[in-house]
Amino acid sequence: MKSRLKLISPAAAAAPRQRILSIRGLCKTFPGTGSFQKVLEGIDVDVKRGEMICILGRSGCGKTTLLNILAGFIPPTSGSLLLDGRPVARPGPDRCVVFQEDALFPWLTVEENIAFGLRAPQRTVRQEVERFLALVGLTEFRSYLPREISGGMKQRVALARVLILKPAVLLMDEPFAGLDAQTREEMQNLLLDLWARLNHTILFVTHDVAEAVKMADRILLMDTNPGRIREEIRIGLPRPRENEAGHFLEICRGLLAKLRG
Amino acid sequence: MSDDTPRRGSLHAVQPWLIPAALLTLWFAASESGAVPAYLLPHPVQIGGAAYSYLFGGPGAMPYAGRFWEDFTSSIVRVAFGFGLAVAVGIPTGFFSGRRALVNRLISNTLNALRAVPGISWLPLAMVWFGIGIQTTVFLVALAAFFPIYLNTASGVRQVNPILFQAGAMLGTTPMRRVFAILLPAAMPQIIAGLRLGLGIAWAYLVLGELTGVPNGLGAVIMDARMLGRIDMIVVGIILIAVLGRASDLLLHQLMRLCFKSARRLS
Ligand SMILES: Nc1ncnc2c1ncn2[C@@H]1O[C@H](COP(=O)(O)OP(=O)(O)O)[C@@H](O)[C@H]1O
Ligand SMILES: [Mg+2]
């Protein structure tokens with residue numbers, strides 16, 4: 001209650017309405033063996049509604065930790081986290097995650113997995129599942145079990161089961177990292193297509209420079225040890241973006257150099 | 001998948017019977033040739049006759065004629081009560097011990113010590129406590145069946161991939177739904193393994209319990225037959241327990257598959 005009251009201060013009311021997620025001074029320290037390991041330090045991010053943000057950083061820089069905090073799976077050591085002006089404390093269907101690894105329920109079929117989180121009258125559930133099966137192109141595989149479909153299809157199911165809940169923010173943790181190059185590109189195009197149609201706000205974590213440049217409105221480049229946002233890069237390339245275009249490759253090269261440096 | 005062709009199917013239906021058939025043939029040959037004398041192991045035909053009389057004979061025609069159904073009912077009731085008790089205690093205990101480290105620390109030491117005690121050492125104590133009758137048998141059956149059910153349930157719920165709980169939490173599951181829609185289905189294969197092991201042991205301890213001088217039951221028949229020197233009836237009793245044990249195992253497995261989606265799909 002208190003936090004909501006605070007928000008109706010003149011400054012907050014005047015703030016652009018489209019700001020949906022606001023991260024301030026986020027730190028995370030894990031108790032290590034004997035010492036403490038500082039994994040995230042002073043993360044400040046504002047996300048606008050409908051934005052596609054890529055968090056780019058090397059393995060181990062704390063990307064998954066950041067998403068876990070945003071999702072509410074683990075608490076931050078310090079800092080604040082506001083979604084639509086309300087503090088985030090617990091996991092919930094307003095901030096859904098597509099995990100890097102397979103996190104489908106293996107005893108449920110494709111359509112049962114997609115329907116899992118949707119609490120609605122049966123008819124609505126059926127219609128919505130139908131719609132999202134079609135959106136991710138899995139209508140024919142509706143009654144398959146996760147072990148009977150490919151890795152790319154599994155991630156489509158993972159995407160559909162959270163999109164169906166219309167989350168305010170979609171958190172994606174290297175969702176396509178385990179896929180072969182061709183499937184990965186298909187999935188990137190699918191996500192961009194769904195994003196254009198459904199207008200989600202997406203935080204997309206990746207260690208792949210080309211993927212970040214292809215997807216992002218804004219790239220947040222992360223440092224390792226401690227994990228910090230070193231730089232923010234706005235990608236103004238028109239969509240759809242061509243991986244082979246000269247300008248695209250130039251941006252990639254620049255980022256790659258920064259990532260190494 | 002490639003096993004679905006009709007020929008493969010019929011071959012698969014025959015395969016489980018190959019070893020029983022071979023054993024029977026061997027037995028037959030051993031008896032016919034006189035290699036194994038009848039006082040050690042009677043001829044299969046004699047066993048068949050004894051079994052027939054035990055199952056279908058008119059009462060009073062011969063010492064054991066027609067007694068089967070009464071023995072069968074007594075034994076089944078004892079197994080059912082004992083196994084039921086083991087399930088009722090073993091699954092919740094295993095569940096909490098698998099999910100709560102505190103519960104596990106509290107009870108696992110004690111339970112694993114008790115588990116090391118062979119069932120037969122409980123028999124004299126059980127007879128003092130419960131006397132001769134159904135209670136002693138039910139106690140022994142429940143005690144023995146409890147451990148595999150408890151251990152497998154605990155390890156099953158402990159090993160559920162935590163990412164499934166994260167997925168459930170972000171999809172908005174209530175605590176109740178987390179247990180019944182995620183935890184139990186995910187642990188189902190191991191819970192079933194525990195139940196099947198427990199049921200098998202239940203039959204073993206049934207016979208132990210019935211050795212104590214109860215008037216009926218399959219174990220009682222075996223003990224009785226030993227006293228009367230009716231080795232054919234001992235063998236009949238052994239075979240019937242084997243058949244019933246296997247049948248109840250199949251029944252349990254099918255029942256679980258019928259009742260739980262995860263039992264059908266995770267195996
Ligand atoms: N639960 C934890 N306990 C201790 N250290 C952790 C924990 N989770 C992550 N870390 C550490 O935090 C760092 C960042 O991990 P992570 O967020 O998984 O990186 P990324 O996803 O960018 O590869 C790693 O050094 C890892 O060892
Ligand atoms: Mg990671």
Every residue in the stretch A:179-221 that is away from ligand 1 (no atom under 16 Å from the Cβ) and among the hydroxyl-bearing types (Ser, Thr, Tyr), please.
A:183, A:201
Given the criteria at pLDDT 95 or above and under 25 Å from residue B:172 (Cα atoms), does residue A:88 qualify?
no
Are any residues in the stretch A:33-44 more than 17 Å from residue A:218 (Cα to Cα), within 16 Å of ligand 2 (Cβ to nearest atom) and touching a residue at least 12 places away in the same chain (Cβ under 8 Å), and if so, which ones?
A:39, A:40
Every listed condition ((1) surrounded by fewer than 19 Cβ atoms within 10 Å (Cβ to Cβ); (2) in a helix (DSSP H, G or I); (3) within 14 Å of chain B (Cβ to nearest Cβ)) holds for residue A:124 save (3)
Exactly one of (1) under 13 Å from the mean Cα position of the chain (by Cα); (2) in contact (Cβ under 8 Å) with a residue 40 or more places away in the chain is unmet by residue A:191. Its number?
(2)
Of those in the stretch A:99-118 that are part of a loop (DSSP other than H, G, I, E, B) and more than 7 Å from every other protein chain (Cβ to nearest Cβ), the residue surrounded by the most Cβ atoms within 10 Å (Cβ to Cβ) is A:104
Whichever residue in the stretch A:65-90 is more than 11 Å from residue A:21 (Cβ to Cβ) and of a type in the set (Val, Ile, Thr) and, among such residues, is farthest from ligand 1 (Cβ to nearest atom)
A:77
Out of the residues in the stretch B:156-167 that are facing chain A (nearest Cβ under 8 Å) and crowded, with 18+ Cβ neighbours inside 10 Å, which is farthest from residue B:266 (Cα to Cα)?
B:166
Quick one: would you say residue A:166 is more than 16 Å from ligand 2 (Cβ to nearest atom) and in contact with a Pro (Cβ under 8 Å, 6 or more places away or on another chain)?
no
Within the stretch A:172-208, the residues that are within 16 Å of ligand 2 (Cβ to nearest atom) and in a loop (DSSP other than H, G, I, E, B) are A:174, A:175, A:176, A:177, A:178, A:179, A:207, A:208
Quick check, is residue A:146 in contact with a Pro (Cβ under 6 Å, 6 or more places away or on another chain) and either in contact (Cβ under 8 Å) with a residue 60 or more places away in the chain or away from ligand 2 (no atom under 16 Å from the Cβ) (or both)?
yes
Would you mind telling me which numbered condition in (1) in contact with a Gly (Cβ under 6 Å, 6 or more places away or on another chain); (2) more than 14 Å from chain A (Cβ to nearest Cβ); (3) not acidic (Asp, Glu) residue B:124 fails?
(1)
From the residues in the stretch A:160-178 that are more than 16 Å from ligand 1 (Cβ to nearest atom) and buried (at least 24 other Cβ atoms within 10 Å of the Cβ), which one is nearest to residue A:211 (Cα to Cα)?
A:170
Residue B:141 vs. criteria farther than 30 Å from residue A:89 by Cα, more than 13 Å from every other protein chain (Cβ to nearest Cβ) and not small (Gly, Ala, Ser)
yes
Using beta carbons and a limit of 6 Å, which pairs, at least six apart or on different chains, have the first residue in the stretch A:61-88 and within 18 Å of residue A:222 (Cα to Cα) and the second one part of a loop (DSSP other than H, G, I, E, B) and away from ligand 2 (no atom under 16 Å from the Cβ)?
A:69/A:76
Selection count where residues are within 9 Å of ligand 2 (Cβ to nearest atom) and either assigned to a helix (DSSP H, G or I) or within 14 Å of chain B (Cβ to nearest Cβ) (or both), scope the stretch A:45-80:
4
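Let's see how each residue does on (1) part of a helix (DSSP H, G or I); (2) in contact (Cβ under 8 Å) with a residue 24 or more places away in the chain; (3) in contact with a helix residue (DSSP H, G or I) (Cβ under 6 Å, 6 or more places away or on another chain):
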| site | (1), (2), (3) |
| --- | --- |
| B:164 | yes, no, yes |
| B:179 | yes, no, no |
| B:190 | yes, yes, yes |
| B:209 | yes, yes, yes |
| B:215 | no, no, no |
| B:225 | yes, yes, yes |
| B:237 | yes, no, yes |
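The values are calculated or read from the model by the stated rules, or taken from the named source; none is laboratory data. All values reported here derive from a predicted model rather than from experimental measurement. Glycine gets a Cβ as well: all are built from the backbone with ideal geometry, and neighbour counts include every protein chain shown.
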